[in-house]
Amino acid sequence: MTDMFNLSGKVAIVTGARTGIGQGIAEGLAEAGADIVGAGHAAMPETEAYIKGLGRKFVYYDIDLGKQDKIQALVDDTVKTFGRLDILVNNAGIIRRQDVLDFTEENWDDVINMNLKSLFFLSQACARYMKANGGGKIINIASMLSFQGGIRVVSYTASKSGVMGVTKLMANELASSNIQVNAIAPGYIATNNTDALIKDPKRSAEILGRIPANRWGKPEDLKGAAVFLASRASDYVTGHVLAVDGGWLAR
Ligand code: NAP
């Protein structure tokens, strides 16, 4: 049974694997046997050391995902280095906090560009390769704000709602090519992304009070969902958004 989750011999691109959720997921996929390309705009020594310590391969790929100019090269170079590409995890993402009536065009464009535009074009580039090579798995990192409105983060909410739509559309069009496209919607996870919330005693207490599990999530909490969606165990699961939220959405 555990063999269904085995990722030995598989190659995964994980964006934003230096810290937080991306680091947790990259490490989880490597624990299940995958080799990892960590794509981001700063070296990832901690992630690299952990994955190499497991005896898996890790390559850091320098790319600014606020732009789309190196996306095709990331896919081509991954295939050149490893000879294959099986899994994409679109994790890299940013957030800008500002009242809706003051929200600037820059804070809109930066977030949409990275969280939605790069996510789509990287998925497209990987899917073209996967279709020609028998299939693959695409996992997008969505959010509670794929389902809810949130406060002071309008471009982030727009991007994550968009991620849910793109996930479903790509799942529909690519299912017949044996490419499964799913998303993970993390609840409130303690990372750089949520640092401002954690440091705000009022918001932090409000959030904690609504989480049935009675604790903030940790990046490691995402490992199981990521391995499931990257593995053979999920071959008939596509277009799904899996909440890993300590019960937040059920409340
Ligand atoms: P994080 O630690 O800040 O991770 C974001 C990652 O994206 C970092 O590795 C960061 O690299 C990378 N990144 C930022 N700008 C980039 C750029 N221009 N080019 C390439 N990479 C870039 O925060 P996180 O919470 O783990 O966020 C990961 C994902 O989870 C995001 O999509 C976020 O929206 C989503 N999410 C988080 C939560 C939560 O509660 N934390 C909840 C729902 C969804 P550097 O560190 O090197 O800048």
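The values are calculated or read from the model by the stated rules, or taken from the named source; none is laboratory data. For clarity, every value in this text was computed on a predicted model and none was experimentally measured. Every residue, glycine among them, receives a Cβ derived from its backbone with ideal geometry; neighbour counts consider all protein chains shown. With ligands, DNA and RNA removed, areas are computed over all heavy atoms of the protein, side chains included. Shrake-Rupley method; radii C 1.70, N 1.55, O 1.52, S 1.80 Å.
Conditions (1) closer than 24 Å to MET164 by Cβ; (2) touching a helix residue (DSSP H, G or I) at 6+ places or on another chain (Cβ under 6 Å); (3) modelled with pLDDT under 95; (4) open to solvent by 10 Å² or more (accessible area, probe 1.4 Å), marked per residue:
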{"position": "ASN6", "(1), (2), (3), (4)": "no, no, no, yes"}
{"position": "GLY28", "(1), (2), (3), (4)": "yes, yes, no, no"}
{"position": "ALA32", "(1), (2), (3), (4)": "no, yes, no, yes"}
{"position": "LEU65", "(1), (2), (3), (4)": "yes, yes, no, yes"}
{"position": "ARG84", "(1), (2), (3), (4)": "no, no, no, yes"}
{"position": "ARG96", "(1), (2), (3), (4)": "yes, yes, no, yes"}
{"position": "ASP102", "(1), (2), (3), (4)": "no, no, no, yes"}
{"position": "GLU106", "(1), (2), (3), (4)": "no, no, no, yes"}
{"position": "LYS117", "(1), (2), (3), (4)": "yes, no, no, yes"}
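Scanning region 170-194 for residues that are more than 7 Å from the ligand (Cβ to nearest atom), of a type outside the set (A, V, I, L, M) and within 13 Å of ILE141 (Cα to Cα) gives a single hit, ASN182.
Working carefully through the options SER155, SER143, find the one that is within 8 Å of the ligand (Cβ to nearest atom), in contact (Cβ under 8 Å) with a residue 40 or more places away in the chain and open to solvent by less than 40 Å² (accessible area, probe 1.4 Å).
Numbers: SER155 fails: within 8 Å of the ligand (Cβ to nearest atom).
The conditions single out SER143.
Count of region 183-208 residues, restricted to those that are in contact with a Ser or Thr (Cβ under 6 Å, 6 or more places away or on another chain) and part of a strand (DSSP E or B), is 2. For region 36-49, filtered to residues that are open to solvent by 20 Å² or more (accessible area, probe 1.4 Å) and in contact (Cβ under 8 Å) with a residue 24 or more places away in the chain, the residue that is farthest from the ligand (Cβ to nearest atom) is GLU46.
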